[in-house]
Amino acid sequence: MKTGSQEHQSAKRVVVIGSVNYDLTSYVNEFPKPNETISSISSAANLGGKGLNQAVAAARMGANVHMIGCIGGGQFGDAAKIHLQSNGVNIDYLVTNPEAMTGTAAIAVDHEGNNTIIVNAGANQHLSKKDIDHAKKIILTADVVLVQAELSFEAIEYALRTANEAQIPTIFNPAPANPALVNLLKYVDYVTPNETETETLTGVNPFEREDILTAITVLNQTGVGNVVITCGSRGCIVGGSEGFSVSLPYNVTAIDTTGAGDVFNGVFAYGIAHKMNIADAVDIASAAAALSVEKKTANSAPHYPEVEALMSSKQEEK
């Protein structure tokens, strides 16, 4: 892959249609049992939501990013706008619903960096077809459209179908997953579930090679172009129109895995928008995700020079 090349300098347009949340993260030794009250080691409040995280991740790589979503009135929504703009994300089509509350997430992170997350969609559920139509000129000039599942089913379907019908490449991160999302994959060029989401969509746990191939086959039969299964410390598995491959992980010490999948998706969208082949797009996304788990909170997306340095160091080790 050519890093630091003309591809990076000529920013492509990534349109992210997704969620904006306000996160409260608690760091604990162990997750609480049912009905148990425990004390946290520390806590942090940050902007999050899969859409916001992915938009920021793509923007920090140098993409021209537009965010389409819905926030509530009040300080959480104002903070989201400031955060997105400070990271170079265009918010012309970020809708404010003054009667709704910006989405929230309660996150717990244990001593191994694992996390549990409870999300309240809030204003995210109010993004409508009308809002998407209002942003249509931006969608139709995108190099890639990235959508997640923290919106209403109607909004997700309409967003993917609008881009697909205009032959704009689409990436769908089916998180949080539910079986009904399979019906949307006919509009999708790249679907990016993790292992748990893959099992929800296909009924197959993609742990052994045979099961991985079965899961990919099930997903390909829905009409999706390419499947990218993210497997955390095991790397990524790719299957579809560009063939089958396994991408090995970058070795890092995980402090907090919250948002790592979002970083992967945002940087993967950057790669696809910049016309990388799928293997190179997965590799640069994996490097960015690896860097993100070395930091606390979901707001951990690295900048392009950091990713380039990690990828260069891996090449030198070969």
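Here are a few things to note about the model shown:
- Matching residues in the stretch 107-139 - criterion: being in a loop (DSSP other than H, G, I, E, B) and either closer than 25 Å to residue 164 by Cα or in contact with a Phe, Trp or Tyr (Cβ under 7 Å, 6 or more places away or on another chain) (or both): 110, 127, 128, 135
- Inside the stretch 54-76, residues that are surrounded by fewer than 23 Cβ atoms within 10 Å (Cβ to Cβ), touching a residue at least 40 places away in the same chain (Cβ under 8 Å) and more than 19 Å from the chain's Cα centre (by Cα) make up a count of 1.
- As a summary of the residue check, residue 282 satisfies the conditions (1) over 14 Å from the mean Cα position of the chain (by Cα); (2) in contact (Cβ under 8 Å) with a residue 24 or more places away in the chain; (3) part of a helix (DSSP H, G or I) except for the one numbered (1).
- Residue 272 under 16 Å from residue 199 (Cβ atoms), surrounded by 15 or more Cβ atoms within 10 Å (Cβ to Cβ) and under 19 Å from the mean Cα position of the chain (by Cα): no
- Meets criteria (part of a loop (DSSP other than H, G, I, E, B) and in contact with a His (Cβ under 9 Å, 6 or more places away or on another chain)) for residue 142: yes
- Of all residues making up the stretch 173-182, the number that are in contact (Cβ under 8 Å) with a residue 40 or more places away in the chain and either crowded, with 18+ Cβ neighbours inside 10 Å or outside any loop (DSSP other than H, G, I, E, B) (or both): 3
- The stretch 183-231, residues that are among the charged types (D, E, K, R) and either surrounded by fewer than 22 Cβ atoms within 10 Å (Cβ to Cβ) or part of a loop (DSSP other than H, G, I, E, B) (or both): 186, 189, 195, 199, 208, 209, 210, 211
- Residue tally, condition touching a residue at least 40 places away in the same chain (Cβ under 8 Å) and either over 17 Å from residue 307 (Cβ atoms) or of a type in the set (Lys, Arg) (or both), over the stretch 241-253: 1
- Lone qualifier among 11, 45 - being surrounded by fewer than 15 Cβ atoms within 10 Å (Cβ to Cβ), hydrophobic (A, V, I, L, M, F, W, C) and at pLDDT below 95: 45
- Applying the set (1) in a loop (DSSP other than H, G, I, E, B); (2) surrounded by fewer than 24 Cβ atoms within 10 Å (Cβ to Cβ) to residue 258 leaves exactly one unmet item: (2).
- Only residues that are closer than 19 Å to residue 314 by Cα and touching a helix residue (DSSP H, G or I) at 6+ places or on another chain (Cβ under 6 Å) were counted in the stretch 265-289, giving 9.
- Residue match in the stretch 31-46 (condition: assigned to a helix (DSSP H, G or I), under 26 Å from residue 159 (Cβ atoms) and not hydrophobic (A, V, I, L, M, F, W, C)): no
- Meets criteria (at positive phi and surrounded by fewer than 18 Cβ atoms within 10 Å (Cβ to Cβ)) for residue 113: yes
- Scanning the stretch 119-177 for residues that are charged (D, E, K, R) and out of contact with any Pro (no Cβ under 8 Å at 6 or more places or on another chain) yields 129, 130, 131, 133, 136, 137, 154, 157, 161, 165.
Residues checked against (1) in contact with a Cys (Cβ under 8 Å, 6 or more places away or on another chain); (2) among the acidic types (Asp, Glu); (3) more than 17 Å from residue 53 (Cα to Cα); (4) at pLDDT below 95:
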| site | (1), (2), (3), (4) |
| --- | --- |
| 75 | no, no, yes, yes |
| 82 | no, no, no, no |
| 89 | no, no, no, no |
| 114 | no, no, yes, yes |
| 119 | no, no, no, yes |
| 146 | no, no, no, no |
| 149 | no, no, no, no |
| 166 | no, no, yes, no |
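- Restricting attention to the stretch 8-61, the residues that are in contact with a Ser or Thr (Cβ under 8 Å, 6 or more places away or on another chain) and on the phi > 0 side of the Ramachandran plot add up to 1.
- The stretch 238-254 - residue that is assigned to a loop (DSSP other than H, G, I, E, B) and surrounded by 15 or more Cβ atoms within 10 Å (Cβ to Cβ) and, of those, modelled with the highest pLDDT: 250
The values are calculated or read from the model by the stated rules, or taken from the named source; none is laboratory data. Owing to the predicted nature of the structure, the values given are computational and were not obtained by experimental measurement. Cβ: placed from backbone, ideal geometry, glycine included. Neighbour counts: every protein chain shown.
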